[in-house]
Every structure is written in structure tokens, then in C-alpha cells.
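This report refers to the structure that appears directly beneath it.
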Amino acid sequence: MQAHITLSKKEKRYQFLYLILMLLLALLLLGIIFLHQFRSPFSETDILKVQTLEQKNKFDIQQKVTQPIVDTTFSKIVSLSEENPDPVKESQIEYDISTIRNSFENAGINDERKVGYPLIAEFYKMFLEDKKWLVKKKENIKKYEKQYDDCTIGYQQRKDQLIDRRNSFNAQK
């Protein structure tokens, strides 16, 4: 014969609390055992902040060097004459565009803002090409106007010669 043992409500509560505490203790112990090998993501936040600030400072220093070149290159392109192209000035502008494009290549900067400088260089290159295209078009227009003037003068001379021949032919009759 076996006797059936029953617990009172108070004993059931204590047993429940005991099981909960054992569960928490087991979770804590297992957590310590398995997670002690992993690095905490919170321990590196200060290091990441310092690295980010260093990158921003490097970018600011490089930007202070590059920004005057950006400004002067734009003013040089705008000031290019369409009547008298200056190859030396164009060469200097192309060199400045190359400097702008490569200003952040070897700097070792991981700032996302550095992506804008090759785009600025590409815009300046297109702007310079448009200026060169405009100079060539103006030269062609001048050349065609001169050819037209020469042609109209030649046509007028031929017309005058033809009229003189007709008049002399009619005078001989």
C-alpha cells in the first residue's frame, strides 16, 4: 500500500519558488559558461567613437587642402575664353581636376563624404568638355561665315563679269 502524500498550499508555493530560483540559477550559470568567450559589443563603443572622430578629423584636414582647389578650378573653367582658347590654362584645369578626383584616394579615410569629390571632378570635366565644344563650334561658325562671305563675293564678281560680258556682247551686236 502506498500512501498518497499531498502538499499544503504554503508548501506548493515554496516548491514553486524553489523551482523558479533553480531555473534562474541554472540560466545564469549556463550564460556565464557559454558567453564568457564572446566579446561584449558595449566594450568597443568608445573605441568606435574615437575612430569615427579620427576619421572625421582626417576628412576635415584633407577637405581644407582640397576645397581651395575645387573653388579655383571652377572659377578657371568659367573664365575660359571662348574666342581665344588657352591650352596652358586648359592643361592646368585638367591637372586640377585630376587632383580633385584623387584627393581622397591615398588618404586612408573611410568617410562617406569623400565620394562627392570624384563626382565634382567628373562634373568639372564635363563642364570643361562643354567649353571646348563651344569653342570648336564658334570656330566652325566663324570659318563658315568667312567661307560664305568669300562665296558671296565670288558670286558677285562672277555675276558682274557675266553682266559685263553680256553688255560687251550686246554692244558688239
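Among residues of segment 104-115 being surrounded by 13 or more Cβ atoms within 10 Å (Cβ to Cβ) and either touching a Lys or Arg at 6+ places or on another chain (Cβ under 8 Å) or modelled with pLDDT of 90 or more (or both), the one that is nearest to THR66 (Cα to Cα) is PHE104. Restricting segment 116-129 to residues that are touching a helix residue (DSSP H, G or I) at 6+ places or on another chain (Cβ under 6 Å) and over 23 Å from LYS58 (Cβ atoms) leaves a set whose member that is most open to solvent (accessible area, probe 1.4 Å) is LYS125.
Among residues of segment 40-57 that are under 21 Å from GLY108 (Cα atoms) and modelled with pLDDT of 90 or more, none has a Cβ under 6 angstrom from a residue that is open to solvent by less than 100 Å² (accessible area, probe 1.4 Å) and not in a helix (DSSP H, G or I) at a sequence gap of 6+ or on a separate chain.
For ILE5, the criteria (1) assigned to a loop (DSSP other than H, G, I, E, B); (2) under 30 Å from TRP133 (Cα atoms) hold in every case but one, which is (2). Among the residues of segment 69-103, those identified as within 14 Å of ILE120 (Cβ to Cβ), open to solvent by 70 Å² or more (accessible area, probe 1.4 Å), out of contact with any Pro (no Cβ under 6 Å at 6 or more places or on another chain) and not hydrophobic (A, V, I, L, M, F, W, C) are ASP71, ASN102. What do you reckon, is PHE74 outside any helix (DSSP H, G or I), of a type outside the set (Gly, Ala, Ser) and on the phi < 0 side of the Ramachandran plot? Spelling it out, it is not the case that PHE74 is outside any helix (DSSP H, G or I), of a type outside the set (Gly, Ala, Ser) and on the phi < 0 side of the Ramachandran plot.
The values are calculated or read from the model by the stated rules, or taken from the named source; none is laboratory data. Note that the structure is a prediction, hence the values are computed from the model and not measured. A quick note on method: Cβ atoms are made from the backbone with ideal geometry, for glycine too, and the neighbour counts reach across all protein chains shown. These accessible areas exclude ligands, DNA and RNA; they are computed on the full protein's heavy atoms, side chains included. Shrake-Rupley method; radii C 1.70, N 1.55, O 1.52, S 1.80 Å.
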